Ligand code: ADQ
């Protein structure tokens, strides 16, 4: 079995004792895949070190996994990470053309950092390594490695949505991005819809042609494109939720509710997650339902993220103001409708909080998959499950047919769905839960890793005769 090399923007290097305390399902699954193949995990340390160019790596071994991380300098972080990745590619892939900033300086920084990463990674590679690159920060990495003569199989997984051709083509260097992707052997996307969009960008914009099956040819290279919907570590999450009320945070929350119904939202503070629209919908629900006043509490747990990007700082302010306004208008001396917390909590606490909630609100305006939707369902009590209210614009909506699917731009309809979720009879709730759990168990994050790596490692090019123009 070839060695696995995972490349991601941030690398969760274990503590000296060998544990990654805050690791989520994805990190745990990748770590497990690395351990079973023997492996190397390469990327940014997350640290910013003065003005020094990226020229050295910190390398640490834990068992049969090697972690190799580089610090970035201030300029690299500004241009590559906070700039092109998070002010051009992120908003673009989430259809937010109003928030994109296509600075030429940031673009240059993005390609420069990818070149530096390739220069540091290439000497660590062995000829039969299987290389798996993650997410939009690193699209040009394979092309840079190919320039340096790397012939290994290299796969890319795009965790966020892939936009339609009309949206992608607003990016001045979209051809370079498509060319960068054509240097991979497998481009993995979350859903069939993303694959359709990607194929549209490729074929309609004239960057490549379909060869039949999942195969494409572009810039003289043949590669596969496929949908690999990511899952969660379902069994572990179920187990954590069963013990959830032993968790002090979940226990304190339950006690503090005084028998009120809990509605929960858990997201990074990001404009793609629709937090403002969700607060408006919850507020509308309270206005429309006099009986809910004083009897339902909405807990929104939202750690701040990417505060160095101006659009995120603006949003932090807006959401805080909106929450304050709603609480001021609708609250009472003994009841606050919205508890808004800017905090990261442990996975055990999250599992416990999901379990005590009557409804989970996962209402992004656009999301590659959304793991919170899957975690919320996995954490429910099978005998008395809560209900998931899920945006049709999350990749997860394509699998989770037992959720109440909403359009998050439609405040009234989302408010109605919250009401329906809270008052749903237990039989209907169980039916919805039972329709989703088998899929969550079967398509967990380990199965996702396996299915992606099987295709990457076993792919054989189609014969020329069978090509479809
Ligand atoms: P994200 O945009 O980060 O991921 P998501 O899929 O919801 O979004 O994952 C967030 C993770 O962070 C979840 O595991 C959640 O439990 C955790 N989390 C969120 N808030 C937390 C808090 N307050 N405390 C502790 N943990 C918290 C990107 C894409 C998604 C895609 C994933 C994986 O944007 O669409 O599903 O990658 O591919």
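FYI, it's all coordinate maths here, none of it is from the lab. All values derive from a computational prediction rather than experimental measurement.
Under 8 Å for C-alpha pairs, at least 6 residues apart: give me the relative contact order for the chain, rounded to a whole percent.
Here the relative contact order equals 14 percent.
Cα axis of helix 445-458 to longest principal axis of the chain: angle in degrees, 0 to 90, nearest 10?
20 degrees
Report, in degrees rounded to the nearest 10, the 0 to 90 angle that the Cα long axis of helix 192-204 makes with the longest principal axis of the chain.
40 degrees
Using Cα pairs under 8 angstrom and six or more residues apart, how large is the relative contact order of the range 320-469, in percent?
The value is 18 percent.
Taking the DSSP beta bridges in the range 256-339 as the whole, what percent of them are antiparallel, to the nearest 5?
Details: 1 of 9 bridges.
Around 10 percent of the beta bridges assigned by DSSP in the range 256-339 are antiparallel ones.
If you average the sequence gap of Cα pairs under 8 Å that are 6 or more apart and divide by the length of the range 341-387, what percent do you get for the contact order?
Values: 29 pairs, mean separation 21.9, N = 47.
Relative contact order comes out at 47 percent.
Express as a percent, rounded to the nearest 5, the fraction of DSSP beta bridges in the chain (both residues included) that run antiparallel. Don't jump to the answer; show the numbers that get you there.
Numbers: 14 of 64 bridges.
Once the DSSP bridges in the chain are tallied, antiparallel ones form about 20 percent.
Distance between the C-alpha centers of the range 214-270 and the range 173-188? Whole Å please.
29 Å
In degrees between 0 and 90, to the nearest 10, how far off the longest principal axis of the chain does helix 275-288 point, with axes built from Cα atoms?
20 degrees
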